[in-house]
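Report on one structure; see the data block that follows.
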Amino acid sequence: MSKEKVVLAYSGGLDTSVAIKWLQDKYNMDVIAVVLNLGQPENLLLIQRKALEVGAIDSLIVDANKEFINDFVAPALEANALYEKKYPISTALSRPLIAKHLVEVAKAHGASAVAHGCTGKGNDQVRLETAIMALNPDIKIIAPQREWVMSREEEIEYAKSHNIEVPVTKADPYSVDENFWGRSIEAGMLEDPWVEPPPDVFKWTTNPVDAPDTPEYIELVFEQGKPVILNDQSLSLLELVPELNRLAGKHGIGRVDMVENRLVGIKSREIYECPAATVLIAAHREIETLTLTRDVLHYKYDVEEAYAREVYFGKWYSPLRLALQAFIASTQHHVSGTARFKLYKGHCRVVGRKSPASLYDYNLATYDRSDEFSHESAKGFIELWGLPGKVWAKKQGWQ
Ligand code: ARG
């Protein structure tokens, strides 16, 4: 009788390599390894091969680049999504997509289970499993790292005794996750929130002191909330984001250092490198300030926070995320225009913005002779605006 199959989200690292063997040992299952291409720089072919060497019966690379950029990153950019005002939710955005492909591969290969290498302390286990539950409630979910009771040393012993290659160099002390939208770094000495991140933490961004001494100007054109042109060059989002990661990264832009509230109740110290996300969110906001009315803009701030929290908390496939997304989409029809930025030694500063749909009216804003603003209306407006406060203040005995 053929064995049951399990589809494992495979990274090529020690944990998921050990997981391949462990799933065979403990569950007597055949393992199909899957790695998604989400724009991370690793050599995916090597990762694919490694899974087979360790003992997977099949090993797949899923090219999810375009889907990730268009269906996850673009909507998050329209939302200016930043968790706790700082983190562009790059890892959080990738998990529901990984889950979707695990479920699809399981279906295509007749697997009864899916597995992932997340620990019991993080957000990623929650994001993957809530997404899997939404997409296929019947599939079994196995989380080897949460189940096996092995210390780090025991895990290395287990790997050695099963002929799994253990990195000989002193293992990277950090836990890193990367995709187009950002790179996250945690653990190691970063676990002390007082310790300044050492230089080896950063891979995408130049140390601002070593960044070019001449500022660089860039122009970004948005159409209906989406960036379409960078410096006169029409680019797809899939081309534009990596190019901007390179350009802004060179100027040391996009480093984030924060203490973050995880869904599972703990605070953790996180470092991110997100050059493209930093510039694009700033540029998108600039076009919004010109093209959205004050009330929509202010209301959208609240929606943006709720949106980022919802995605961070593993609720991509939820009615609330979809409803918030629908609101956001309805605000983007006129978010078209150009933002001009100056990149210089870790800073990205807006220097200009313009839009054919601009609500900025020179004749209303100016103090010169072409002023068309109705000064005389201001008097009556203020009287009514201040009226409730005046009545209330009198009751307080202020007058
Ligand atoms: N703290 C970030 C988040 O929750 C990054 C997680 C990184 N994940 C990882 N497996 N290293 O989204």
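Some points to look at:
- Shape analysis of the stretch 241-359 based on the Cα gyration tensor places the equivalent ellipsoid semi-axes at 25, 24, 11 Å, largest first.
- Gap separating the Cα centres of the stretch 207-244 and the stretch 60-126, nearest whole Å: 25 Å
- Placing unit charges on the Cβ atoms only, positive for Lys and Arg and negative for Asp and Glu, gives the chain a dipole magnitude near 780 debye about its Cα centre.
- Against the main long axis of the alpha-carbon atoms of the chain, helix 14-27 sits at an angle near 50°.
- Across TYR217, TYR299, TYR87, mean-square fluctuation computed from a Gaussian network of the chain (C-alpha pairs under 10 Å connected) peaks at TYR299.
- Only helices enter this figure: runs of n ≥ 4 DSSP H residues, each worth -39500 (n - 2.57), summed and divided by the residues of the chain, yield -13000 deg cm²/dmol at 222 nm to the nearest 500.
- Value of Rg to Rh for the chain, rounded to two decimals, is 1.06; Kirkwood radius and Rg both from alpha-carbon coordinates.
- If R0 equals 30 Å, the separation of the Cβ atoms of VAL209 and TYR174 corresponds to a calculated FRET efficiency of about 0.85.
- Helix 237-250 axis versus longest C-alpha principal axis of the chain: approximately 80°, rounded to the nearest ten.
- In the elastic network of the chain, a GNM with C-alpha springs shorter than 10 Å, the most mobile of ASP232, ASP177, ASP30 is ASP232.
- Angle between the chain longest axis and helix 152-161 axis [Cα atoms, degrees, rounded to 10]: 40 degrees
- Antiparallel bridge percentage (DSSP; both residues within the chain; nearest 5): 70 percent
- The chain: most fluctuating residue of ASP200, ASP192, ASP257 per GNM, C-alpha cutoff 10 Å: ASP200
- Kirkwood-based Rg to Rh ratio, the stretch 1-148, C-alpha trace: 0.97
- Centroid-to-centroid separation of the stretch 248-278 and the stretch 153-193 [C-alpha atoms, Å]: 19 Å
Taken together, the values in this text are just the output of simple stated rules run on the coordinates, not laboratory data. Bear in mind the structure is a predicted one, so any value in this text is a computation, not a measurement. Please note: Cβ atoms are built from the backbone with ideal geometry, for glycine as well, and neighbour counts cover all protein chains shown.
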